[in-house]
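Please find one structure pasted underneath; my questions will follow.
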Amino acid sequence: MMTFTEIKKSFLTSLWFMFLTFPIMVIRVNTIEKQVIWRWENMWYVGIGSFLLSFAWRYFLRRKERGGNQANEHIANMSSSIQRIFSRRRYKIPAMVAAAMAVVVFPFVMNSYQTNIMITALMYVMLGLGLNIVVGLAGLLDLGYVAFYAVGAYTYGLLNHHFGIGFWTVLPLGGALGALFGVLLGFPVLRLRGDYLAIVTLGFGEIIRLILENWNEFSYGPSGIAHISKPSLFGIKLSFSGEINYMYFLMIGMVCFTIFVVNRLQNSRIGRAWIALREDEIACQAMGIDKTRTKLTAFALGATWAGMAGVIFAAKTTFINPASFTFMESAMILSIVVLGGMGSIPGVIIAALFLILLPEYLRAFSDYRMLLFGAIMVIMMVFRPQGIIATVRRNYNFKRAEN
Amino acid sequence: MLKVNGLSTYYGNIQELKNISMEVAEGEIITLIGANGAGKTTTLMSISGIVPPRQGEIFFLNKPIHTMSPDKIVSQGISQVPEGRRIFPYLTVAENLDMGAYLRSDTENIKKDMAYIWDLFPILSQRRHQAGGTLSGGEQQMLAISRALMARPRLLLLDEPSLGLAPLIVKQIFEIIKKINAENNTTIFLVEQNANMALKIAHRGYVMENGVITMSDSSRNLLCNEAVKKAYLGL
């Protein structure tokens, strides 16, 4: 409804925006010629743009709240129909076959640049699925996940640099070391919950990064480690594009393995114990669930995937330094989990591909990338807080009485 | 079976239980009644180890359990139905029951026990694939009791099973409690506000006030006791 108050509200919003952006959008000071240029036309753009946007915003917000969530249900139906396709046998097999074909053909159809960014995206799928165990299932907000990623990467970097140990030996080792650090972090923070846990994990992430940055004798500081060897294939020498394709299929294999394990974990007793622990700690204790051990396994298992992803990252880029392991990375992985839908495997995969591939294809707008990213996050959280694909667990179906 | 000796429990600096002693024999239904804030729930929490006592001893089957962690205590055969039901809302009914059997790995017997539960509460069997949070209050209470039973306890600690339920449902639940006690010889420790109902099904009762046990007698005597009548039965 276009009532007068609506228009007035939007008008005031646009006035406010015009006032806020006045110094940056309108005034330009040319210091060389000592001139002030007034660009009044920009003010009009800002005014009209914010007027329309605030109008649309309020319209959609109201539509969401009113009318039995029609708009929302539409999206919900869409995502649940995706799930239904995958749950129905008749569609499941062709869909799987089509997906597998696309995955296999991809590196031969696309050029090596495309394949390369796909590898990065797949790495984030793996990281997202790992963090999904900690945040989505066990409900422990971990803001320092990148620390385990760094542990894995430096495990391979250092072992390869000093002792020349190959990729395949270090891959499980990196996972194990990630798990070890997960337990190390887990022990002191187990009694914490919610916000407090988030702060402590954030601190842990920064500690690891700062150690790597400043302990020159150990990690070569900000200059990092270069010339890390790529993964080997039975000693066969691969061409440049062959190496990328090999990396791609290796990553596909790892992602499949991750999906398999996470899926099994989710439906196992320990997975259910994580969900139960997230929901009610006292009830869990009354059921005889060891709070400490269950939380520790969640932390350790989540960290294992980060450790392995770290090893792969080091092998892919052949160069690592602490700048790759900033808080931004943790935030990115967390965004993938939240955007995809906490605890939902297909959601996390789609969100990872979306969040990593989109910025690459939007290189033309690279200046506004983070702005767009922020806007998408805000819009998602307001209009669809349960994520792209909500967990199946939350949707239950009544079995209709047969008559 | 259960022996509590000079138990004192604190929340920070506040002493909640003051030198509590009580005894439960095998196969009994024992009830602990008292006003709000008397320390009934804390007593249960101390026995199950979730709020460990600062002083005193608890023996279960002649084993000291006051130093054990909650999961060890459950594995000894004590299982608790916490106050306010506390079922897992996003897990299905069947999954909730499976969480109750968390420490057990004998799949065959778990299946048998689950079938027993479906017998005991047919309504739960109809709702077995439904999320726990979508059940009504009475059904949730049934689920909470069933979940505790899945651990095959020798001693079942029940914390206010009548909380927020309609009188008819309360009656039904108390019938089931009696049935569980009679059929499986499960010892039951019942904490209740609803003193009248609790004393009717229990063999013995304890009365608690401000963290101290003030009376202990057979429930028949307690039902006739003038002080109890006035304070808890509203007669």
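Any read-out appearing in this document is the output of simple, stated calculations on the displayed coordinates, not a laboratory observation. Keep in mind that what you see is a predicted model, and the values were worked out from it rather than measured. Every residue, glycine among them, receives a Cβ derived from its backbone with ideal geometry; neighbour counts consider all protein chains shown.
Under the classification rounded if a/c is under 1.5, otherwise prolate if a/b is larger than b/c and oblate if not, where does segment B:119-183 fall, given a ≥ b ≥ c as square roots of the Cα gyration tensor eigenvalues? Mind showing how you got there, number by number?
Values: a/c = 1.58, a/b = 1.18, b/c = 1.34.
Oblate, since a/c reaches 1.5 and b/c is not below a/b.
Amide H to amide H, which residues 5 or more places from B:Thr92 or on other chains are under 5 Å from it, using H placed in the peptide plane?
Residues meeting the amide H criterion: B:Gly132.
Return A:His162, B:His66 ranked ascending by Cβ neighbour count within 10 Å, so the fewest neighbours appear first. Intermediate values should be presented prior to the final figure.
Details: A:His162 9, B:His66 20.
So the ranking, lowest neighbour count to highest, is A:His162, B:His66.
Cβ under 15 Å from A:Ser14's Cβ, A:Ser14 left aside: what net charge do those residues give with Lys, Arg +1 and Asp, Glu -1? Walk me through the numbers before you get to the answer.
Numbers: positive: A:Lys8, A:Lys9, A:Arg58; negative: A:Glu6.
Around A:Ser14, the surrounding residues sum to +2.
If you take every DSSP beta bridge whose two residues both sit in chain B, what share of them, in percent to the nearest 5, is antiparallel? List each step's numbers first, then the result.
Details: 21 of 40 bridges.
Antiparallel: roughly 50 percent of the beta bridges in chain B.
Separate question: Which residues' amide hydrogens lie under 5 Å from the amide hydrogen of B:Leu32, considering only partners 5 or more residues apart or on another chain, with H built in the peptide plane?
The list, which skips near neighbours in sequence, is B:Leu190, B:Val191, B:Glu192, B:Tyr206.
Kindly put B:Met142, B:Met197 in sequence by how many other C-beta atoms sit within 10 Å of each C-beta, fewest to most.
B:Met197, B:Met142
Using DSSP H assignments, which helices in chain A have an axial alpha-carbon span of 18 Å or above and a mean Kyte-Doolittle hydropathy of 0.0 or higher? Numbers along the way, then the final one.
Working: long enough: A:4-21 (26 Å, 0.73); A:40-65 (38 Å, -0.13); A:70-87 (25 Å, -0.37); A:89-109 (30 Å, 1.26); A:112-131 (28 Å, 1.17); A:146-163 (25 Å, 0.65); A:167-189 (32 Å, 1.77); A:194-214 (30 Å, 0.97); A:240-266 (39 Å, 1.10); A:291-317 (39 Å, 0.54); A:327-340 (20 Å, 1.99); A:345-361 (24 Å, 2.08); A:369-383 (21 Å, 2.34).
Span-like helices, by this rule, are A:4-21, A:89-109, A:112-131, A:146-163, A:167-189, A:194-214, A:240-266, A:291-317, A:327-340, A:345-361, A:369-383.
For the pair A:Phe383 and B:Ala227, what calculated FRET efficiency results from E = 1/(1 + (r/R0)^6), where r is the Cβ-Cβ distance and R0 = 56 Å, to the nearest 0.05? Intermediate values should be presented prior to the final figure.
Numbers: r = 61 Å, r/R0 = 1.09.
After rounding, the FRET efficiency stands at 0.35.
Please order A:Leu210, A:Leu192 by the number of other Cβ within 10 Å, starting at the fewest.
Details: A:Leu210 11, A:Leu192 14.
Starting with the residue having the fewest Cβ neighbours, the order is A:Leu210, A:Leu192.
Right, something else. When only C-alpha pairs under 8 Å and at least 6 residues apart count, what is the relative contact order of chain B, in percent? Could the numbers behind the result be given before it?
Working: 436 pairs, mean separation 65.1, N = 235.
Relative CO of chain B lands at 28 percent.
Grab the other residues whose beta carbon is less than 10 angstrom from that of A:Val189, score K and R as +1, D and E as -1, and report the net. Present the calculation step by step, with values, prior to reporting the outcome.
On the way: positive: A:Arg191, A:Arg193, A:Lys295; negative: A:Asp142.
Here the charged neighbours net out to +2.
Moving on. Pick out which of A:Gly194, A:Gly340, A:Gly387 has the largest mean-square fluctuation in a Gaussian network model of chain A, springs linking Cα atoms closer than 10 Å.
Ranking A:Gly194, A:Gly340, A:Gly387 by mean-square fluctuation puts A:Gly194 first.
Let me ask something additional. What full-extension length gain, to one decimal in nm, is calculated for B:Ser8 and B:Lys111 as 0.36 nm per residue of separation minus the Cα-Cα distance? Provide the component values of the computation, followed by the final result.
Details: separation 103, 0.36 × 103 = 37.08 nm, distance 3.99 nm.
Separation in residues times 0.36 nm, less the Cα-Cα distance, equals 33.1 nm.
Would you mind getting me the FRET efficiency between A:Ile7 and A:Arg39? Use the beta-carbon distance for r and R0 = 30 Å, nearest 0.05.
Working: r = 27 Å, r/R0 = 0.89.
Between A:Ile7 and A:Arg39 the formula returns 0.65.
Over chain A, what relative contact order in percent results from Cα pairs under 8 Å that are six or more residues apart?
24 percent
Give me the net charge for the shell around B:Ser79: Cβ to Cβ below 10 angstrom, other residues only, Lys and Arg +1, Asp and Glu -1.
Details: positive: B:Arg147, B:Arg152, B:Arg154; negative: none.
In short, +3.
Using θ = phi - 60° and the Karplus curve 6.51 cos²θ - 1.76 cosθ + 1.60, what whole-Hz ³J(HN,Hα) does each residue of segment B:108-114 get, with Gly and Pro shown as x?
4, 5, 4, 4, 5, 5, 5
Quick one: 3J(HN,Hα) in Hz for segment B:221-229, Karplus 6.51/-1.76/1.60 with θ = phi - 60°, rounded, Gly and Pro as x.
Working through the residues one at a time gives 5, 5, 4, 8, 4, 4, 5, 5, 4 Hz.
Take every DSSP beta bridge with both residues inside the protein assembly as shown and express the antiparallel ones as a percent of the total, to the nearest 5. Display every interim value, and only then the final one.
Values: 26 of 45 bridges.
So the antiparallel bridges amount to about 60 percent of the total.
Another question, if that's okay. Give me the lysines in straight-line cross-link reach of B:Lys111: C-alpha distance below 27 Å, same-chain residues under 8 apart excluded.
Within reach: A:Lys291, A:Lys399, B:Lys72, B:Lys178, B:Lys179.
Right, next: Of the residues A:Leu339, A:Leu190, A:Leu122, which exhibits the maximal mean-square fluctuation in a Gaussian network model of chain A defined by a 10 Å Cα contact cut-off?
A:Leu190
Rounded to the nearest 0.05, what FRET efficiency do A:Leu20 and A:Leu192 have when you use their Cβ-Cβ distance and R0 = 51 Å?
Working: r = 38 Å, r/R0 = 0.75.
FRET efficiency, A:Leu20 to A:Leu192: 0.85.
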